[in-house]
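Just below is one structure, and these are the notes that go with it.
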Amino acid sequence: MLWLKDDLESRKLVIYRAVMFSFITLFVLFIFQPFGTSNDSEPYKLLRLSGYGLVTFCALLLSGAIEITLLKINFNDKLKHLTIIPFIYLLITALFNHGYFVVAVLGSWHWQNQLLFVGYIFCIGVFPLIFLLLVNRHVKNLIPSSAADENQTRLEEAALEAISLKGENKNDEVKVAHHHILFIKSADNYCEITIFDGDKIVQSLLRTSLTGLLRQLPHNTSVIKCHRSYAINLQSVKHYSGNAGGLQLSLNESNVTIPVSRTYVKTIKDALLLAPKTC
C-alpha cells in the first residue's frame, strides 16, 4: 500500500516506513559518507551521524500523521498524492534534519543551509521512493486480474439494470437503476433509499425490512449490508476511516458518513478491494 488510509494498518505502515527510511539514511551516511561528512574528523562522528536517523524517524511519523489527517479534506486526489503529500514529507524531514544539524554542528540557523538540506533529503530519499513505487506497481500486477475483471463485469451488468423494489403496502414500489443507489437506511419497519441520479440526491421510502429489501436485489449486487441499519453501494464509497472496532465510510456524492459495525468490517474491506469505482 503506497498511500495511507485512516485505519490501523496505515498507522502500522507509518511506523514501518519511518523505521525503514531511518535505516536507509544511516546506511547512506555510514557507508558512503556523502555531503562532506567523509572529511569530518571530529570525535564521535558516527554517533553524531546516528542522530540524523533518529530525527528522520520522528519527521516521518509526523508526516504520516499529517497525510492521514489530509484524508478528511476534500480536494483533487492526484494533486494531493503527486505534489502536496511528497512536498510535506520532504519539507518536514528537511526541517528536522537541519534543526539537528544546527544543534549538533553549526550552532546557528541559516536559511541557505535549510534549502541545502531539502536537496540532501531529496537525494537520499528519491531512490527508496522510486523503489516503493515499483513495488506498489508490482504488487498490483500480482493480483489475479481474472477475478477482478470478472467481478467488475458482473457489477457493471447489474448496474445497468433497472430494478423494482417493492414494499409491503399496495402499490408501494420504487424503480431505480442499480448504480444510482448510494445507500439504504433502515428505521423501524421502513427503509429509506438514498439515490443519486446524476443531478441530485433524492430519498424514497418503502415499508419493508432491510433484509427483505436486500433480498430483492440481484445476486451480483454491489449493495451490501454493512450495519444492522445500513446497506452501502460499494461503488459509491470514496474512502473509509476507523479500525477493527468499526469503520466510517465516506461517499463520492454525499457528505453523509455510513457506519460499519465490527461484524462487517472485514467483509467491507475485502469487498472494497474488488469493487470498481464510479467516475
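The values are calculated or read from the model by the stated rules, or taken from the named source; none is laboratory data. Model, not experiment: these values are computed from the prediction. Neighbour counts run over all protein chains shown; Cβ positions are idealised from the backbone, glycine included. Heavy atoms of the whole protein, side chains included, go into the accessibility calculation; ligands, DNA and RNA do not. Shrake-Rupley method; radii C 1.70, N 1.55, O 1.52, S 1.80 Å.
Would you mind listing the strands (runs of 3 or more DSSP E) fully within the stretch 164-229 where at least 3 residues are in contact with a helix residue (DSSP H, G or I) (Cβ under 7 Å, 6 or more places away or on another chain) and open to solvent by less than 70 Å² (accessible area, probe 1.4 Å)?
Here the list reads 181-187, 190-196, 223-227.
Has the stretch 82-97 got at least one residue that is open to solvent by 40 Å² or more (accessible area, probe 1.4 Å) and at pLDDT below 70?
yes
For the stretch 242-259: of the residues being open to solvent by 70 Å² or more (accessible area, probe 1.4 Å) and assigned to a loop (DSSP other than H, G, I, E, B), which is modelled with the highest pLDDT?
Top of the filtered list is ASN255.
Among the residues that make up the stretch 31-45, is at least one of them at pLDDT below 80, open to solvent by less than 60 Å² (accessible area, probe 1.4 Å) and part of a helix (DSSP H, G or I)?
Among the residues of the stretch 31-45, at least one is at pLDDT below 80, open to solvent by less than 60 Å² (accessible area, probe 1.4 Å) and part of a helix (DSSP H, G or I), which makes the answer yes.
Mind checking whether some residue in the stretch 260-268 is at negative phi, under 15 Å from the mean Cα position of the chain (by Cα) and surrounded by 14 or more Cβ atoms within 10 Å (Cβ to Cβ)?
yes
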